[in-house]
Amino acid sequence: MSEDDAPELTAELVVDGAVPSQPVISPDGRWIAYVVAPVGRRAERRTCALWLAAADGSSPPGKLTAGTAADFGPRWAADSASVFFLSDRTGSRQLHRIRLGGWEADALTDWRGEISDARPLADGRLVAVVATDESTEEDKRRRAERDDAIVWGEQLRCSRLRVLDLATGELRTGSESPGAAMAGSWPPGRSAGPTGSRPQ
């Protein structure tokens, strides 16, 4: 494209643009799943979609999900036949799976806490999940009333390593050994030490 053919850069063009991120290649090396998110947002809720591209460029990229919710964090199944991802499409962030060539994503969890990461295990039966403790009735009341005031040392919910059994749908909490629980309110990348004290 010549310089004369380039579109004029406007505020609308910038805001309506889309940015790819989080690329992950399938275990068989044939596919790349990634996230496409708009630069701006038209409503209070932010949306992003999963896309799929052939690693060798033999076919054009296409959408895996519609992009009507915040779909992100793609992770490949060991057999490269499906993609696990996080989405708030059911109202809270839950783990989902979509099969290549499929039309609908399956919700795999209905956890009453916040799921922040998931990694399918090599055996194809289990998924390691990092999720906060489930909400209490007081948490639900505060959310309904939009009471979002934060008092340091209060209302802390730990993120814990859990394991999802795909056959039963059961999400089990792992061991309480050091490092298995992390204070969910601390900055990303900063975890609780063995005694729960903030690392320096």
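In the stretch 18-40, which residue that is surrounded by 11 or more Cβ atoms within 10 Å (Cβ to Cβ), among the small types (Gly, Ala, Ser) and assigned to a loop (DSSP other than H, G, I, E, B) is modelled with the lowest pLDDT?
40
Since residue 116 meets every condition but one in (1) surrounded by fewer than 18 Cβ atoms within 10 Å (Cβ to Cβ); (2) assigned to a loop (DSSP other than H, G, I, E, B); (3) hydroxyl-bearing (Ser, Thr, Tyr), which condition does it not meet?
Against the list (1) surrounded by fewer than 18 Cβ atoms within 10 Å (Cβ to Cβ); (2) assigned to a loop (DSSP other than H, G, I, E, B); (3) hydroxyl-bearing (Ser, Thr, Tyr), residue 116 comes up short only on (2).
Against the condition farther than 26 Å from residue 49 by Cα, surrounded by 14 or more Cβ atoms within 10 Å (Cβ to Cβ), at pLDDT below 85 and touching a Lys or Arg at 6+ places or on another chain (Cβ under 6 Å), how does residue 181 come out, does it pass?
Yes, satisfied.
The values are calculated or read from the model by the stated rules, or taken from the named source; none is laboratory data. All values reported here derive from a predicted model rather than from experimental measurement. Because the Cβ atoms are built from the backbone with ideal geometry, glycine has one as well, and the counts that use them run over all protein chains shown.
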